[in-house]
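Here the structure comes first, spelled out in structure tokens, and everything after it is commentary.
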Protein chains: 2
Amino acid sequence: MNIKLITFASMNFKIIKEDKNSKARLGEITTAHGKIKTPIFMPVGTAGTVKGVHQHELLEDTLAKIILGNTYHLFLRPGLDIIEEAGGLHKFIGWNKPLLTDSGGYQVYSLSENRKIEEHGVKFQSHIDGSYHFFTPEYAIDIQRKIGADIIMAFDECTPYPCEYNYAKKSMHMTHRWLKRCCNRFDSTEEKYGFKQSLFPIVQGSIYKDLRIKSAEKIASFDREGNAIGGLSVGEPHDIMYDMTETVCSILPSEKPRYLMGVGTPANLLENIALGVDMFDCVMPTRNARNGMIFTSEGTINLKNKKWAKDFSALDTNGTSFVDHSYTKAYVRHLFKSNELLGKQIASLHNIRFYIWLMEEAQRQLNVGTFTIWKNKMVKKIVSRL
Amino acid sequence: MNIKLITFASMNFKIIKEDKNSKARLGEITTAHGKIKTPIFMPVGTAGTVKGVHQHELLEDTLAKIILGNTYHLFLRPGLDIIEEAGGLHKFIGWNKPLLTDSGGYQVYSLSENRKIEEHGVKFQSHIDGSYHFFTPEYAIDIQRKIGADIIMAFDECTPYPCEYNYAKKSMHMTHRWLKRCCNRFDSTEEKYGFKQSLFPIVQGSIYKDLRIKSAEKIASFDREGNAIGGLSVGEPHDIMYDMTETVCSILPSEKPRYLMGVGTPANLLENIALGVDMFDCVMPTRNARNGMIFTSEGTINLKNKKWAKDFSALDTNGTSFVDHSYTKAYVRHLFKSNELLGKQIASLHNIRFYIWLMEEAQRQLNVGTFTIWKNKMVKKIVSRL
């Protein structure tokens, strides 16, 4: 067995096994709030809640090991004073496992109409009450110190797709300068809640290979405890995404976890694991769930479809969440047709559990050395529509 | 101990203890799907789901013993063919405990603009697609046979408040004639799913004592396995409601369960138990929950109130649901301010559990003979606002 162990002040990442036929690897991250086997999917809890799911369900039913919070949303509501007074986000939401926060960069970028980006930082308008705010790289770190996640993200600009080469290049350089400022602030401040935090920088460069190479080299040179890839899954074709991931992963140090932000479909996850990615997050499983779309190992199901009206078989016969065997397709379809909350709850639990099961299965296959064969078979099935 | 045991073909009701200082009694209903200690509160699952709550949560966390379905809603969606093909409502929704369905009378009455009541039955328009339907007393029984609840209700007209004496009188007589038709149909048809159903008739008569007396006598004369009181909690003052309940309970046979439909606040439940009521249902705990209002043993809490923004104490320190100790007031307030699904889920679980706990507590107090003292103390607390 090929084990590499790198210990940092705040976080460990251990590679347990590397795939012979791809860049995939089985690993383990250790944080102050627990261990995370990789590849891992991290459910998104934007405002301090994974929509429609209780914390104990995340823990005991979906078997989530780490969840995300969004700095932009949490900053605006409930606000930093409340989170601080609660003793940080873990305590505020009642989640004693690892947490990761993004830096607000992506959300601010999504506000397109209501923000102005300049070298010093970004001025933006709240989507809640229209109030004006100004995020700098330094402030994004200060905020994330106060929120108190185990892993926090550098403040970057996420370029849109399509994006002019010159804009992508200029923006990438600014993201690199911002990273320097983020690191300076991070390294000159302390954690607030008695445990270490880790800062991950983010590779940008849009869909331009030369920029992605430059950015990956620059980001790697900062030598942080993990590295992220941003600016993908923003509308570009999947092949381009894979091309960029492959390029970047070949440069980012293999002894540190690689986190592909905001990706994606179950097939996207598997393909990117094969390219060397260890960590994923995406709103897709929960957002699609709320619209009645579930992912299964045999393909996707649109629960609103008339086809399921009298299908009294289990929601997902292969499923590993309690909802898969407690409810029938016909019943959950009825809930969606009637716009009942319980439909959203059931589909959300199912999809999160499916994503995490898929990662557990990838881990098992990596462990026994059959990842690539399994991955190729699985991708064919999960992209079909039932 | 004063035990009266009456056995019917389909249902048993056993009075375990009677209060010395009120008309309250501790009892037990036995149905094909299990036993129900009374007084009992029945959560409302309008469209085959108690909004925002999983079936296993109802069973294992709220400790609900029986839930309701609404004939009007289930008839329109998913429709009888789907429920029948599933093998009845128990199987369709995955609830293997007692179920009760109303007859559709109340919902049809609520449609005020979109229905026409005549002797033969009621023509109404679907709130979903505007389609026209016609319910007769016979058809309401046929539908409830197909839905397959353990306890089903007679088809009645629920008069509004205020209501002219002459209209109330005319309507009451029609409800009595409809009851005769319901009983004829019920007694000449069989259950569809291999277990016995029970039909409860409904006392009407608006707020007129002489009508309520006449109606209670008439309804009692049908000698069914339980009796219901309808047409209350439709806007009349609480004192009038209690006056009507007292009058009716003094006439309805004490050896059969008495069900007060659609009532009410926690204090309403306790006062009506003291007047001899055994069964309650109401959308209040779940509807108010979805608006951020929770009931506790110390009074009601509006979770949206700024007062709770930094209150990091448990949601309800006296509460007996897991949510009461897993989440803080500040966190649940944040969920409501952010319009997050989880807020509705938490408050719904809390309120249902609170209502059922209140009934369990009433049962305990009845058992040890301290019901009235406890009830008077409790009512004072639960009507306050925190």
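The values are calculated or read from the model by the stated rules, or taken from the named source; none is laboratory data. What you are looking at is a predicted structure, and each value in this text was computed from that prediction instead of being measured. Cβ coordinates were reconstructed from backbone atoms using ideal geometry, including for glycine residues, and neighbour counts include every protein chain displayed. Just the protein is used for accessible areas: all its heavy atoms, side chains included, with ligands, DNA and RNA removed. Shrake-Rupley method; radii C 1.70, N 1.55, O 1.52, S 1.80 Å.
Details
- Any hit, the stretch B:261-273, residues being in contact with a Pro (Cβ under 8 Å, 6 or more places away or on another chain) and at negative phi: yes
- Of all the residues in the stretch A:48-65, those that are open to solvent by less than 10 Å² (accessible area, probe 1.4 Å), in contact (Cβ under 8 Å) with a residue 40 or more places away in the chain and of a type outside the set (D, E, K, R) number 8.
- The set of residues in the stretch B:312-329 that are under 15 Å from A:Gln55 (Cβ atoms), at the interface with chain A (Cβ under 10 Å from one of its Cβ atoms) and of a type outside the set (Val, Ile, Thr) comprises B:Phe322, B:His325, B:Ser326, B:Tyr327.
- Tally, over the stretch B:117-149, of residues that are within 14 Å of chain A (Cβ to nearest Cβ) and modelled with pLDDT under 95: 4
- Contacts under 8 angstrom Cβ, first residue in the stretch B:316-342 being crowded, with 19+ Cβ neighbours inside 10 Å, partner of a type in the set (S, T, N, Q) and not in a loop (DSSP other than H, G, I, E, B), 6 or more apart: B:Asp316/B:Thr296; B:Gly319/B:Thr296; B:Ser321/B:Thr62; B:Leu341/A:Gln345
- The set of residues in the stretch A:66-85 that are open to solvent by 20 Å² or more (accessible area, probe 1.4 Å) and in contact (Cβ under 8 Å) with a residue 60 or more places away in the chain comprises A:Phe75, A:Leu80, A:Glu84.
- Taken together, B:Cys249, B:Cys282 contain a single residue that is out of contact with any Cys (no Cβ under 8 Å at 6 or more places or on another chain), over 25 Å from B:Ser384 (Cα atoms) and of a type outside the set (Gly, Ala, Ser), which is B:Cys249.
- Scanning the stretch A:336-369 for residues that are of a type in the set (Ser, Thr, Tyr) and more than 9 Å from every other protein chain (Cβ to nearest Cβ) gives a single hit, A:Tyr355.
- Candidate set from the stretch A:305-315 (those that are charged (D, E, K, R) and assigned to a helix (DSSP H, G or I)); member that is most open to solvent (accessible area, probe 1.4 Å): A:Lys306
- Subset of the stretch A:270-307 (residues that are hydrophobic (A, V, I, L, M, F, W, C) and more than 16 Å from A:Gly231 (Cα to Cα)): A:Leu270, A:Ile273, A:Ala274, A:Leu275, A:Met284, A:Ala289, A:Met293, A:Ile294, A:Phe295, A:Ile301, A:Leu303
- Any hit, the stretch A:354-370, residues being out of contact with any Ser or Thr (no Cβ under 9 Å at 6 or more places or on another chain), crowded, with 17+ Cβ neighbours inside 10 Å and β-branched (Val, Ile, Thr): no
- Among the residues of the stretch B:343-386, just one is in contact (Cβ under 8 Å) with a residue 24 or more places away in the chain, part of a loop (DSSP other than H, G, I, E, B) and within 21 Å of B:Lys17 (Cα to Cα), namely B:Gly369.
- Candidates B:Ala289, B:Ala274, B:Ala309: the one that is within 14 Å of chain A (Cβ to nearest Cβ), small (Gly, Ala, Ser) and under 20 Å from the mean Cα position of the chain (by Cα) is B:Ala289.
- Meets criteria (at pLDDT 95 or above and in contact with a Phe, Trp or Tyr (Cβ under 7 Å, 6 or more places away or on another chain)) for A:Pro253: no
- Any hit, the stretch A:175-184, residues being surrounded by 24 or more Cβ atoms within 10 Å (Cβ to Cβ), in contact (Cβ under 8 Å) with a residue 12 or more places away in the chain, of a type in the set (Val, Ile, Thr) and not in a helix (DSSP H, G or I): no
- Between B:Gly27, B:Gly45, B:Gly88, the distinction of being surrounded by fewer than 24 Cβ atoms within 10 Å (Cβ to Cβ) and out of contact with any His (no Cβ under 9 Å at 6 or more places or on another chain) belongs to B:Gly88 only.
- Test: B:Phe295 is touching a helix residue (DSSP H, G or I) at 6+ places or on another chain (Cβ under 8 Å) and within 14 Å of chain A (Cβ to nearest Cβ): no
- Look at (1) more than 14 Å from chain A (Cβ to nearest Cβ); (2) more than 26 Å from B:Asp19 (Cα to Cα); (3) touching an Asp or Glu at 6+ places or on another chain (Cβ under 8 Å) and you find that B:Met284 fails only one, number (3).
- Count of the stretch A:326-342 residues which are assigned to a helix (DSSP H, G or I), hydroxyl-bearing (Ser, Thr, Tyr) and touching a Phe, Trp or Tyr at 6+ places or on another chain (Cβ under 8 Å): 1
- Number of residues in the stretch A:42-69 that are more than 10 Å from chain B (Cβ to nearest Cβ) and not small (Gly, Ala, Ser): the value is 13.
- Selected residue (only one of B:Ser206, B:Ser198 is modelled with pLDDT of 95 or more, out of contact with any strand residue (DSSP E or B) (no Cβ under 6 Å at 6 or more places or on another chain), open to solvent by less than 10 Å² (accessible area, probe 1.4 Å) and of a type in the set (Ser, Thr, Tyr)): B:Ser206
- Residues satisfying the stated conditions in the stretch A:79-116, i.e. away from chain B (no Cβ under 14 Å) and among the aliphatic types (A, V, I, L, M): A:Leu99, A:Leu100, A:Val108, A:Leu111
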